[in-house]
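**Q** Below is the structure I would like to discuss, written out as structure tokens.
Read-outs: derived from the displayed coordinates by stated rules, not from any lab. The structure presented is a predicted model; accordingly, all values stated were derived computationally and were not measured. Reconstructed Cβ throughout: ideal geometry from the backbone, glycine too, with neighbour counts over all protein chains shown.
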Amino acid sequence: MYDYIDNFLIYLRVEKNASPRTVESYQKDLFHGLDFFAPQLGKADYDVVPVDVDHRVFRDYLAWMQKQGLARSTIARRLAAWRSFFRYLVREKIVCDNPMVKVYSPKLEKRLPLFLCEGEAAMLVEAPDLTHPLGVRDRALLETLYAAGLRINELVSLDTGNLDLGGGYMRVMGKMARERLVPLGSQAVTALRKYLAEARPRLLANATVKRMNNAVFLNRWGERLSARGIRKILNKYVEKISLERNISPHTLRHSFATHLLNAGADMRTVQELLGHIRLTSTQIYTHVTSERLKQVYRKAHPRALE
């Protein structure tokens, strides 16, 4: 089984262009299942082969995870990893049938995305100290996250050649290697111009190994800023402005979409800007905006509360 899992992970990296974190998550979930299957089947984990694992074993696995009190989202994610793995095995003609067809994931609770109000978003992006190169970088970084609604890995992989500040656009490489053009507002363009002209060259000069580095956002040592580094930067400013919520880089993406829809943008446009393949992925934001409409109605209409 381990050999097949390794080949599947290579397939995700090379053919599906999955991010390192996505591949790592799949690996952990598949190994977790394999650790359960082996004793159930009376075999060592390295002796288990795909045909050993039928739908009954998966139902036992599902029941065991539920008994352990795991969150529905965790259970659904682990089953989804195995579902994708067996789809791959069927496509490669390693097995004839996908046992996951007879296994149903638990129904997930619908949770609204966490987002900042416009005032909070403005406070956050304006929090960095522009008298220091790192502050100039952080302002450009936060402005870009909020202005373009980027995923964190899209921001990490952004290169200087992807920017067209004269035209007010950037080229973004999203999931499944799908490229999209995203417009940038004047505030983000101004922040990026200042960063690229003043702060980035100073950060690049700190690199111990002098080489070509096309990354837009650099750390203090002149290397490409990592996803972990971006989260630390965001946490720093969330604490600075005393936002008592669990804010992540994805919160700014949610805020981007919500504010556009609240201002009258159509769903298809927001879908394109976010890089969603399916419109259903974007429709979660309609729940947010619909709730806002109800709140405004209840507050403003003279007979709404009667």
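**Q** Given the pairs K28/K67; K67/K93; K28/K175; K102/K175; K194/K232; K16/K107, which span a C-alpha to C-alpha distance of over 24 angstrom in this model?
**A** K67/K93; K102/K175; K16/K107
**Q** Also, I was wondering about something else. Tell me, what is the FRET efficiency for V49 and D97 to the nearest 0.05, using R0 = 22 angstrom and their Cβ-Cβ distance as r?
**A** Working from the Cβ atoms, E equals 0.95.
**Q** How much FRET efficiency would the formula 1/(1 + (r/R0)^6) give for V90 and L279, where r is the Cβ-Cβ distance and R0 is 35 Å, rounded to 0.05?
**A** That gives a FRET efficiency of 0.80.
**Q** Sticking with the crude label model, points 7 Å out along Cα→Cβ, report the distance from R59 to K107 in nm, one decimal please.
**A** Result for the modelled spin labels: 2.0 nm.
**Q** Counting other beta carbons within 10 Å of each Cβ, put I94, I10 in order, fewest first.
**A** I10, I94
**Q** Relative contact order, percent, of the stretch 1-136 when contacts are C-alpha pairs under 8 Å separated by at least 6 residues? Intermediate values should be presented prior to the final figure.
**A** Working: 83 pairs, mean separation 28.2, N = 136.
About 21 percent, as a whole number.
**Q** How high is the FRET efficiency between N7 and N206 when r is their beta carbon distance and R₀ equals 35 Å, given to the nearest 0.05?
**A** According to the calculation, E is roughly 0.30.
**Q** With n ≥ 4 as the cut-off for DSSP H runs, can you work out [θ] at 222 nm for the chain, using -39500 (n - 2.57) per run divided by the number of residues, rounded to the nearest 500?
**A** One gets -17000 deg cm²/dmol as the mean residue ellipticity at 222 nm.
**Q** Among the aspartates and glutamates, which have Cα under 20 Å from the Cα of K299 when same-chain residues fewer than 8 positions away are ignored?
**A** Counting by Cα, and skipping residues close in sequence, K299 has these aspartates and glutamates nearby: E118, E291.
**Q** Considering the Cα positions of the chain, please state its Rg to one decimal place and its Dmax as a whole number of Å.
**A** 23.1, 71
**Q** So, in Å, what gap is there between the alpha-carbon centers of the stretch 222-261 and the stretch 36-90?
**A** Using only Cα atoms, the two centres lie 35 Å from each other.
**Q** Over the stretch 118-297, calculate the relative contact order: mean separation of alpha carbon pairs under 8 Å at least 6 apart, over the residue count, as a percent.
**A** Details: 218 pairs, mean separation 44.7, N = 180.
Normalised by residue count, the contact order of the stretch 118-297 is 25 percent.
**Q** Sticking with this one: With each pseudo-label sitting 7 Å past Cα toward Cβ, what's the S226-M267 distance in nm, one decimal?
**A** 4.0
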